[in-house]
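In what follows, a structure is listed as structure tokens, so that the remarks can point back to it.
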Amino acid sequence: MNCERLAVSNRISNLIPYQPGKPIADVKRELGIVGEIIKLASNENPLGPSPLGIAALQAALPTLALYPDGACHALREAVTEKFGLSPDSLIFGNGSDEIIHLLGLTFLEPGDEIVVGDPTFVLYETAATLAGAKTVKVALTAGDMRHDTAAMAAACTEKTRLVFVANPHNPTGSVISKADVEILLAALPPRAFLVLDEAYAEYVEDDPEVPRALDWIKENAPVICLRTFSKLYGLAGFRVGYGVAAPEVIRLINQARSPFNVNLAGQVAAAAALNDTEFIARTKKNNDDGIAQLIAGFEILGLSWLPTRANFIVVNTGRPAKAMFDALLKRGIIVRAFPNDLPTHLRVTIGTPEQNTRFLEALTLCLT
């Protein structure tokens, strides 16, 4: 094809595409593995989806020929009731990923900057790149791999429009404190927002030492909160996420939102899953027990790991990450490697006891 037809904006050519965890079907096809494949790469709930969510979906199946409710009224009501929010402080998206994209469309222009930790979730930079904005990366602290909020505050300038912090952090599992949040808020220039990505917040919601973005939003601070139903609620396949901010902020973001952006099935399942207390408690217990199980296994193997408050853990294998990823893949275990950012580390989703055991057995073989 004529090369002139393929000429595109630098915003596209400079984009770093998101690399998702390898699908189970791809591994079976590429490696010819017949037995069970265990996927511990994408931080999905190993217990499956919320039973209440699935029951609600089954009841809604006859309505799937209809367009979804563009305003997500039932889901909006469920979230506002649970968290004591005003309905107009919410926006829903095709996963919280879409909300990140909408933030870029709404608030970023060429010449603007965002500030992020390094490494962090790549879609923050994607949103900036698509808007022609610059991503300012601030290295995580050595050792415990936490956001260096003092350094991030120092990196803010009059060009800063958005500061992104995942709390708990992806990919390291670390958390920041209330004092850390206050440091960042104090450093924000007049045009900037602090975006607290709380995709894993449910795993630390019982810990009073871990701050909640909603508390600052209720005080009218320049904070935007991101949350998802993909992790603890087990609804990753439905792609439902939401953002919380002051109503005037939400109105602006809504102007960039496509109609019917959240599918009907996802809305129904998410509204029911939100209050599935038995499933939520079972998921948290499995996660706590699984972290302890994996840490015990790492200790036996003489490996170090990063303290985690999410549903995954990062282990230092002492070997090149890509080689370890490939070796585990051949044994039917899919994990996540970040060879450019964490050259000898693997990120491992907390699985069921049986999945964790199989991973540790495979890891032992790969290390010998």
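The values are calculated or read from the model by the stated rules, or taken from the named source; none is laboratory data. Everything quoted here is computed from the prediction, not taken from an experiment. Here the Cβ is made from the backbone with ideal geometry for all residues, glycine too, and neighbour counts use every protein chain on show.
A few remarks follow.
- Some residue of the range 231-253 being more than 29 Å from VAL204 (Cα to Cα) and in contact (Cβ under 8 Å) with a residue 12 or more places away in the chain: yes
- Checking GLY318 against (1) touching a strand residue (DSSP E or B) at 6+ places or on another chain (Cβ under 6 Å); (2) surrounded by fewer than 18 Cβ atoms within 10 Å (Cβ to Cβ); (3) more than 28 Å from ARG146 (Cα to Cα), the condition it does not meet: (3)
- Residue among SER177, SER258 that alone is over 30 Å from ALA65 (Cβ atoms) and small (Gly, Ala, Ser): SER177
- Among residues that are crowded, with 23+ Cβ neighbours inside 10 Å and at pLDDT 95 or above, LEU306 is not included.
- Filtered residues of the range 258-291 (kept if closer than 28 Å to ALA221 by Cα and either modelled with pLDDT under 95 or surrounded by fewer than 22 Cβ atoms within 10 Å (Cβ to Cβ) (or both)): SER258, ASN261, LEU274, ASN275
- Residues of the range 93-112 satisfying the condition of being part of a loop (DSSP other than H, G, I, E, B) and closer than 22 Å to TYR200 by Cβ: ASN94, GLY95
- Helices (runs of 4 or more DSSP H) fully within the range 10-80 counting 1 or more residues that are of a type in the set (Asp, Glu) and at pLDDT below 95: 24-31
- Considering residues of the range 239-255 that are assigned to a loop (DSSP other than H, G, I, E, B) and surrounded by 15 or more Cβ atoms within 10 Å (Cβ to Cβ) only, the residue farthest from the chain's Cα centre (by Cα): ALA246
- Scan of the range 267-287 for residues that are among the polar types (S, T, N, Q) and closer than 14 Å to CYS72 by Cα, ordered by number: GLN267
- Looking at ALA25, ALA41, just one residue is outside the structural domain of VAL262 (by TED's automatic domain parsing), of a type in the set (A, V, I, L, M, F, W, C) and touching a strand residue (DSSP E or B) at 6+ places or on another chain (Cβ under 7 Å), and that residue is ALA41.
- Being in the same structural domain as GLY173 (by TED's automatic domain parsing) and over 30 Å from PRO190 (Cβ atoms) is a description that applies to VAL262.
- Residues that are touching a residue at least 12 places away in the same chain (Cβ under 8 Å) and surrounded by 16 or more Cβ atoms within 10 Å (Cβ to Cβ) within the range 70-87 comprise CYS72, LEU75, ARG76, ALA78, VAL79, PHE83, LEU85, listed in sequence order.
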